[in-house]
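The structure under discussion appears below in the form of structure tokens.
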Amino acid sequence: MRTIEIYTETVQTGIGHSSKGNQLKWLQDGWWYKADAFGFESLAETAVSALLEHSTIQDFVRYEPVMIRYQDKDFRGCRSRSFRRETEELVPLERLSRIYTGFGLAQELSCISGCRERILYTEKLVRNVTGIRNFGEYLTKMLEMDAFFLNEDRHTNNIAVLYDIEKRTWRLCPFFDMGLSLFSDTREAYPLESGFTQCREKITAKPFSVDFDEQLDAAEELYGTFLQFDFSRSTIAKLLTGDRLLGGEGEQNRSDREKAAIKRFETLGKEYSEREFQRVEEVLRYQAGKYQYFFCGRSGLF
């Protein structure tokens, strides 16, 4: 795995921080670097973006795993290109709501009864303030991905829009920050000793319901279904051992799964354990079986 020396003194821990606490982040030479804080967040980010490459979702942040060296300490992490233009700022919906209503979005949503009504309120808020007309579709895609990848960190500071200070225009963000997916918090919530069923019983969704399927169903009923994958459950392991997880150093046309796994661990060193990879694959296989309609454009997948 590539090691990147961080020389900037600015550590970012504010905007978009995890609901579980701050995560060390740095912006350097046009790249955002994030250090693992709770488990294998960087592996989750990389796995999610690798699979989204094979989906109908086009505008998402691509992540790659790296080792981060900062102040003589090494951190396991990942990096992504900054998606903000020079004159743009990231405006989380929590802040957007406070600026234009005087109250945070989380507080407003807590006063609204019903998942469907909370989604409609959020879409209307963003449309009225920014003029963005397709935010309902954007929200639905986000909730589809969160349900499939079991992202537990979609709080109201983790949904944002971009504002161009000079042009005074708004646009949608690429989909970002999926680090707390796939039961990646092995430090506190989902130890590697816990089985899938045990983890699934503990996880809760955000921000419109604690149930992934409730908010997913409500959004799709309002705006339609958008997420589609073009791979089968049987090829998940192959995709996870591909070039993106290997940091661009993978072999072509892998056919032997065992060989691929050996190469994968050689390339990554021992930064990710075999059990971490096994958890990612187990979760993805289960979710692919549960949400088969995300694969309905293909036949004979399962």
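Restricting segment 244-259 to residues that are out of contact with any Leu (no Cβ under 9 Å at 6 or more places or on another chain) and crowded, with 16+ Cβ neighbours inside 10 Å, which is modelled with the highest pLDDT? First the steps, then the outcome.
Filtering segment 244-259 down to residues out of contact with any Leu (no Cβ under 9 Å at 6 or more places or on another chain) leaves 244, 248-259.
Cutting the leftovers down to crowded, with 16+ Cβ neighbours inside 10 Å gives us 244, 250, 254.
Working: Arg244: 47, Gly250: 42, Arg254: 42.
This residue is Arg244.
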Screening Tyr63, Tyr100, Tyr70 for residues that are over 26 Å from Tyr190 (Cβ atoms) and either crowded, with 19+ Cβ neighbours inside 10 Å or touching a His at 6+ places or on another chain (Cβ under 6 Å) (or both) leaves only Tyr70
When residues of segment 163-222 are filtered for being at positive phi and basic (Lys, Arg), how many remain?
-> 1
Go through segment 117-151 and give me each residue that's among the aliphatic types (A, V, I, L, M), in contact with a Phe, Trp or Tyr (Cβ under 6 Å, 6 or more places away or on another chain) and open to solvent by 40 Å² or more (accessible area, probe 1.4 Å).
-> none
Select from segment 152-172 the residues that are in a loop (DSSP other than H, G, I, E, B) and under 26 Å from Ser110 (Cβ atoms) and write down the one among them that is most open to solvent (accessible area, probe 1.4 Å).
-> Asn157
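One residue is enough: does segment 110-126 have a residue meeting the conditions in contact with a Gly (Cβ under 7 Å, 6 or more places away or on another chain), part of a loop (DSSP other than H, G, I, E, B) and not polar (S, T, N, Q)?
Within segment 110-126, not a single residue is in contact with a Gly (Cβ under 7 Å, 6 or more places away or on another chain), part of a loop (DSSP other than H, G, I, E, B) and not polar (S, T, N, Q).
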Residues within segment 160-190 that are under 20 Å from the mean Cα position of the chain (by Cα) and farther than 22 Å from Glu137 by Cα, tallied = 11
Does Arg95 satisfy being open to solvent by 10 Å² or more (accessible area, probe 1.4 Å), part of a loop (DSSP other than H, G, I, E, B) and not hydrophobic (A, V, I, L, M, F, W, C)?
-> no
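Here's the yes/no breakdown for (1) in contact (Cβ under 8 Å) with a residue 24 or more places away in the chain; (2) touching a strand residue (DSSP E or B) at 6+ places or on another chain (Cβ under 6 Å):
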| position | (1), (2) |
| --- | --- |
| Ile68 | yes, yes |
| Arg76 | yes, no |
| Ser80 | yes, yes |
| Thr87 | yes, yes |
| Leu90 | yes, yes |
| Leu93 | yes, no |
| Leu96 | yes, no |
| Phe103 | no, no |
So is Glu188 among the charged types (D, E, K, R), modelled with pLDDT of 75 or more, open to solvent by 40 Å² or more (accessible area, probe 1.4 Å) and assigned to a loop (DSSP other than H, G, I, E, B) or not?
-> yes
Applying the selection to segment 127-151, what residues are assigned to a helix (DSSP H, G or I), charged (D, E, K, R) and over 20 Å from the mean Cα position of the chain (by Cα)?
-> Arg127
Evaluation of Gln28 against (1) within 15 Å of the chain's Cα centre (by Cα); (2) modelled with pLDDT of 90 or more; (3) more than 17 Å from Val280 (Cα to Cα) (one fails), failing number | (1)
So is Ser209 over 21 Å from Thr122 (Cα atoms), out of contact with any strand residue (DSSP E or B) (no Cβ under 8 Å at 6 or more places or on another chain) and open to solvent by 10 Å² or more (accessible area, probe 1.4 Å) or not?
-> no
Within segment 43-52, is there a residue that is of a type outside the set (A, V, I, L, M), at pLDDT below 95 and either open to solvent by 10 Å² or more (accessible area, probe 1.4 Å) or in contact with a strand residue (DSSP E or B) (Cβ under 6 Å, 6 or more places away or on another chain) (or both)?
-> yes
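The values are calculated or read from the model by the stated rules, or taken from the named source; none is laboratory data. These numbers were taken from a predicted model, which means no experiment stands behind them. Positions of Cβ are generated from backbone atoms using ideal geometry, with glycine treated the same way; all protein chains shown enter the neighbour counts. Just so you know, the surface numbers come from the protein's heavy atoms only, side chains and all, with ligands and any DNA or RNA stripped out. Shrake-Rupley method; radii C 1.70, N 1.55, O 1.52, S 1.80 Å.
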